[in-house]
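I have placed the structure first, in the form of structure tokens, so that the comments after it can refer back to it.
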Amino acid sequence: MAAALSLTCTAPVDAALFALTPRDRDEAVRAGRRSVIDDQWGGEWRVNGGSGEAVMVMTPFHRLALAARNSAFQDRELKPRDIESVLKDQEGKLVFWVTLRGGRVDFARYYAPALLARQQELKASFAQNERTALRGDDGQFTARCVYVFSAEGVDPKATVTLLVRDVEAKVVAKFTVDLASMR
């Protein structure tokens with residue numbers, strides 16, 4: 001019985017993976033394929049901010065696992081070139097898919113992200129803010145934004161803080177992310 005359990009358990013999480021070894025790649029593909037039967041999958045990389053706001057941390061491991069999950073839903077295998085393609089622009093980066101709420105359709109248009117890591121504020125290498133947010137039943141608008149930061153100098157075992165500021169440099173959203181709790 002113990003041998004069967006050891007085959008299904010994953011290695012303990014102790015740090016985000018910004019670059020994947022061949023073994024990490026294999027584990028990400030296995031985790032993604034297994035996830036099709038797990039309704040709770042993905043929680044490792046999700047941070048809720050309240051009021052419908054959330055951030056999905058897209059580490060290279062998570063991105064590859066997500067690709068494997070999607071291919072499993074389509075009943076197809078990921079080929080080595082597919083894996084390389086998925087990871088090509090992902091490794092060495094920390095990507096945040098952020099869901100924000102506001103009162104106007106264009107509320108997020110000029111938002112500026114920053115990452116606090118090791119008492120240092122890092123600027124995003126790429127920021128894509130949704131210009132036309134979707135109106136919800138409650139009258140509020142939901143924007144989905146993508147923010148990319150270099151992982152260089154970011155401790156994969158640290159807790160970092162993603163700040164989103166408006167044009168007046170006022171913090172409109174703040175997410176605390178424990179990188180040690182995700183792969």
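Values for this structure:
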read-out: Subset of segment 105-122 [surrounded by 12 or more Cβ atoms within 10 Å (Cβ to Cβ) and of a type in the set (D, E, K, R)]; value: Asp106, Arg109
read-out: Residue satisfying condition, being modelled with pLDDT of 95 or more, open to solvent by 40 Å² or more (accessible area, probe 1.4 Å) and either under 28 Å from Ala28 (Cβ atoms) or hydroxyl-bearing (Ser, Thr, Tyr) (or both), within set Phe149, Phe126, Phe96; value: Phe126
read-out: Residue check for Glu84: surrounded by fewer than 20 Cβ atoms within 10 Å (Cβ to Cβ), modelled with pLDDT of 95 or more, farther than 21 Å from Gly50 by Cβ and of a type in the set (D, E, K, R); value: no
read-out: Where Thr159 falls short, out of the listed (1) at pLDDT 95 or above; (2) open to solvent by less than 30 Å² (accessible area, probe 1.4 Å); value: (2)
read-out: Boolean, Gln90 is surrounded by 13 or more Cβ atoms within 10 Å (Cβ to Cβ) and either closer than 15 Å to Leu162 by Cβ or touching a strand residue (DSSP E or B) at 6+ places or on another chain (Cβ under 7 Å) (or both); value: no
read-out: Any chance Leu64 is within 23 Å of Trp45 (Cβ to Cβ), in a helix (DSSP H, G or I) and at pLDDT 95 or above; value: yes
read-out: Residues being of a type outside the set (A, V, I, L, M), within 18 Å of Ala169 (Cα to Cα) and not in a loop (DSSP other than H, G, I, E, B) - total across segment 127-142; value: 1
read-out: Criterion: free of Cβ contacts under 8 Å to residues at least 40 places away in the same chain and in a loop (DSSP other than H, G, I, E, B) - qualifying residue of Arg109, Arg34, Arg23, Arg81; value: Arg109
read-out: Residue in segment 1-19 that is touching a Pro at 6+ places or on another chain (Cβ under 8 Å), at pLDDT below 95, surrounded by fewer than 17 Cβ atoms within 10 Å (Cβ to Cβ) and in a loop (DSSP other than H, G, I, E, B) present; value: yes
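The values are calculated or read from the model by the stated rules, or taken from the named source; none is laboratory data. All figures in this text were calculated on a predicted structure; none of them were measured in a lab. Note that we place each Cβ from the backbone using ideal geometry, even for glycine, and neighbour counts take in every protein chain shown. In case anyone asks, the SASA skips ligands and DNA or RNA and just uses the protein heavy atoms, side chains included. Shrake-Rupley method; radii C 1.70, N 1.55, O 1.52, S 1.80 Å.
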